[in-house]
Amino acid sequence: MSQGITEATIEEIKLRTDLAELISSYGVDVRHAGSSLKACCPFHNEKTPSFHINQSKGFYHCFGCGESGDAIKFVQKMEGLSFVEAVKKLAPRCGIEITERSDPDAGRRKRLYALMAELAQFYHRCLLKTKEAALARDYLAKRNLGEEVQKEFLIGYAPNGMATMSKWAEKYGFTLEELEAAGVIKRPERAGDNGYHRFGARLMFTICDRQGRTVAFSGRQLIESKRSGKYVNSPETLIFKKANVLFGFDKASGFIAKKREVILCEGQIDVIRLHMSGFKTAVASQGTAFTVEHAKQIKRVADSAVLMYDDDKAGRKATVATAQKLLELDMPVKVVSLPGGADPDSFLSQNKPEALQALIDGAESIVSFQCRTAMAEETAPFSVASISRVSNEILKTISLSSSAILRAAFVDETARILSLPVAALSEELQKIKLEPRKEYVQEPIDEDVWEEAFDGEEAEDRFLSGEGMNARIAPPPEREFALMEFLMANERATEIESAIAELLPEFVFENDFTKRFVRVWRDEIANSGDMFADFAASLSDFEKGWFDRTLLNAGRVEASSLEAVDIFNDFVRLLWVDYLKRARDAMPFEGNPDDDVKRMRLSMNIKHLMHLDWEGARRLILELKGA
């Protein structure tokens, strides 16, 4: 990270950024609600707005899912960027130039970004206007990829021969050395050697990084030749690392952040076809296997993934390998197997988007997929050895998740599919040696190096939530954390104290720590004293971490009296919805008619709470409380 990005620069960017305008620019409908600004949260699905924007403090906070932060954090979440990348993205918007004095390659890197951006536009113009590109235009027409999508994804055509590239470089002020450093040409090495244009006479797909900057190309062969591969991809350069780039991620990240789910497929045209058909969360790894770095990028903006790889041996192997990397980050994975060996492009060329959506809705889990495909490779009738072999491979996949709930669900599913006892699979799972997870260690942070500071903040968040700490007690869910932060920030809101007693009985809360916290908060108001001092002294180490998190974030959610009541009403509604969902999900599925009626009634109450106006929701809550 460059030391040119100082703390003063960061604060200036925050000060100059209109947070509401920034959030609106990502397609979020921001509306005035009294004296405050509200919206439906872009980070989770909701119909009742619980996303509040505090313009004066430059912070947002969702009282539905607990997400909060400033302008930089918002851009990070929406686009899956690092702290530094988000700062650099916001800087031009504010009229601030980021200097990179300590980066010896900064100048070269800046030149390469400029070269690649100009070259992508040149290739695109060649596609549209040159006679030489007629074959490429015909190919795109047959694939039903019109000029609009060609422009959106900056599809192009690379003219043949070094002479054209030399003239281009001279015209736009670049050198042949820079073209070679960008992986576009190979310069002559000896007399009689003319060098060559790596992508000559190919259809060109532009590869962008997370910030939308052109960093590489993928060239598709238009005339079949055994002398070269069907696709030629850019080599790794100063600005392009294959393991860090996902095709389409720059366009998809905002849609992924809103839906919290990503679609992963194999090819560029698959991604383009999916976007054209309305599936704008689609991305693909670029010329390499799916990597841990790819998984981490996705984890920043998504909670789950849908895999649509080719239904051949290589595709099935890649599906399992990709799923395993995502499971290590505790991301649930579903798999869509397209009929007849189709890929997303060919399927959507012959079917309506609704047909693919139906397949996504009915997608199988990675465990189901792995069971099915692994057993298909075994010879029937299945022996004990073959079933043992398959179950062992599946248990290795299951063991990668640190979520006990996810592991238990997978074991149950595997037992059902393979007709094996759950207890036996659970015992075998315990025998599989797990890789030790990295414990959180607080490292000293150099305040001048913001990339390290951001990494430290992420680690601190994990520490305060109890993640990776082998906590004996699960931390409160995010909604309850958000409530506690809100109450701590609004200790003088006495009108809320009576509303808690009326509308939020303790049984609504999932976590015992939340119940005790709310109890102490009410006692503090009633006694006008510092009851939290004794409360803090009584906490375990884990609980102190949760309490510290509450104190740390409380300053972000202070509100005026009118806003506080409005926000609290949102909490009441959402916490009751959470409670009713837990009650419904805990009911047994044994076909008991009485249970079915109760489950239906709970579902109807959940629906009513989400759609009634506040007065109607309040009356329903009082009925539920008295029931």
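The values are calculated or read from the model by the stated rules, or taken from the named source; none is laboratory data. Predicted model only: the values in this text are computed from it and were never measured. Note that we place each Cβ from the backbone using ideal geometry, even for glycine, and neighbour counts take in every protein chain shown.
Just so you know, in region 99-128 the residues that are basic (Lys, Arg) and modelled with pLDDT under 95 include one that is surrounded by the fewest Cβ atoms within 10 Å (Cβ to Cβ), and it is ARG101.
Let's see how each residue does on (1) closer than 19 Å to SER234 by Cα; (2) part of a loop (DSSP other than H, G, I, E, B); (3) of a type in the set (Val, Ile, Thr):
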site: TYR113; (1), (2), (3): yes, no, no
site: GLU118; (1), (2), (3): yes, no, no
site: ARG125; (1), (2), (3): no, no, no
site: ALA134; (1), (2), (3): no, no, no
site: ASP138; (1), (2), (3): no, no, no
site: GLU148; (1), (2), (3): no, no, no
site: LEU179; (1), (2), (3): yes, no, no
site: GLY183; (1), (2), (3): yes, yes, no
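Scanning region 358-377 for residues that are of a type in the set (Asp, Glu) and assigned to a loop (DSSP other than H, G, I, E, B) yields a single hit, GLU377. Would it be correct to say that PHE205 is more than 16 Å from ILE239 (Cα to Cα), touching a helix residue (DSSP H, G or I) at 6+ places or on another chain (Cβ under 9 Å) and among the aromatic types (Phe, Trp, Tyr)? Criteria met by PHE205.
Starting from residues that are within 20 Å of ALA216 (Cα to Cα) and without any contact (Cβ under 8 Å) to a residue 60 or more places away in the chain, keep the ones in region 134-151 and report whichever is surrounded by the most Cβ atoms within 10 Å (Cβ to Cβ). Here the residue is GLN150.
Does region 75-87 include one or more residues that are of a type in the set (Phe, Trp, Tyr) and farther than 21 Å from ILE256 by Cβ? No, that holds for no residue.
With respect to the conditions (1) in a helix (DSSP H, G or I); (2) within 17 Å of the chain's Cα centre (by Cα); (3) not assigned by TED's automatic domain parsing to the domain that holds HIS294, GLN211 lacks only one, and its number is (1).
Yes/no per residue for (1) surrounded by 13 or more Cβ atoms within 10 Å (Cβ to Cβ); (2) modelled with pLDDT under 50; (3) not assigned by TED's automatic domain parsing to the domain that holds SER388:
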position: SER419; (1), (2), (3): no, no, no
position: ALA423; (1), (2), (3): no, no, no
position: PRO444; (1), (2), (3): no, yes, yes
position: ASP448; (1), (2), (3): yes, yes, yes
position: ALA471; (1), (2), (3): yes, yes, yes
position: GLU506; (1), (2), (3): no, no, yes
position: ARG516; (1), (2), (3): yes, no, yes
position: ILE525; (1), (2), (3): yes, no, yes
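Residues of region 316-331 include none that is among the hydroxyl-bearing types (Ser, Thr, Tyr) and at pLDDT below 90. Screening GLY278 with (1) in contact with a Leu (Cβ under 8 Å, 6 or more places away or on another chain); (2) closer than 29 Å to LEU22 by Cβ gives one miss only, at (1).
The strands (runs of 3 or more DSSP E) located wholly in region 1-94 that include 1 or more residues which are surrounded by fewer than 22 Cβ atoms within 10 Å (Cβ to Cβ) occupy 31-33, 36-39, 51-54. Taking the conditions (1) among the basic types (Lys, Arg); (2) more than 25 Å from ARG549 (Cα to Cα); (3) modelled with pLDDT of 80 or more in turn, LYS14 satisfies each one other than (2).
For region 274-284, filtered to residues that are without any contact (Cβ under 8 Å) to a residue 40 or more places away in the chain and either out of contact with any Gly (no Cβ under 8 Å at 6 or more places or on another chain) or not assigned by TED's automatic domain parsing to the domain that holds LEU356 (or both), the residue that is farthest from ARG260 (Cα to Cα) is LYS280.
Return the residues of region 296-305 that are crowded, with 21+ Cβ neighbours inside 10 Å and closer than 17 Å to ALA363 by Cα; say none if nothing qualifies. The answer is ALA305, and nothing else.
Go through region 228-246 and count every residue that is aromatic (Phe, Trp, Tyr) and crowded, with 19+ Cβ neighbours inside 10 Å. Of the residues in region 228-246, 1 are aromatic (Phe, Trp, Tyr) and crowded, with 19+ Cβ neighbours inside 10 Å. Against the conditions (1) in a loop (DSSP other than H, G, I, E, B); (2) within 28 Å of ALA374 (Cβ to Cβ), where does GLY278 fall short? Just the number, please. Single failed check for GLY278: (2).
Of all the residues in region 378-408, those that are part of a helix (DSSP H, G or I), surrounded by 14 or more Cβ atoms within 10 Å (Cβ to Cβ), within 23 Å of the chain's Cα centre (by Cα) and not polar (S, T, N, Q) number 3.
Within region 339-359, is even one residue farther than 29 Å from SER401 by Cβ, surrounded by fewer than 19 Cβ atoms within 10 Å (Cβ to Cβ) and acidic (Asp, Glu)? Yes: one or more hits.
Out of ASP578, ASP570, ASP512, ASP566, one residue alone is surrounded by fewer than 20 Cβ atoms within 10 Å (Cβ to Cβ), at pLDDT 80 or above and within 21 Å of ARG619 (Cα to Cα). It is ASP578.
For region 214-270, filtering for residues that are part of a helix (DSSP H, G or I), within 15 Å of the chain's Cα centre (by Cα), within 25 Å of THR319 (Cβ to Cβ) and of a type outside the set (Val, Ile, Thr) leaves 9.
Looking at this structure, is ALA355 assigned to a loop (DSSP other than H, G, I, E, B), of a type outside the set (D, E, K, R) and more than 30 Å from LYS241 (Cα to Cα)? The answer is no for ALA355. Scanning region 228-246 for any residue that is touching a Pro at 6+ places or on another chain (Cβ under 9 Å) and of a type in the set (Val, Ile, Thr) turns up nothing. Out of all the residues in region 367-385, which are small (Gly, Ala, Ser) and either within 18 Å of VAL336 (Cα to Cα) or touching a residue at least 60 places away in the same chain (Cβ under 8 Å) (or both)? Within region 367-385, SER368, ALA374, ALA376 qualify. Does ALA385 satisfy the condition of being of a type in the set (Gly, Ala, Ser) and more than 26 Å from VAL262 (Cβ to Cβ)? Judged against the criteria, ALA385 is a match.
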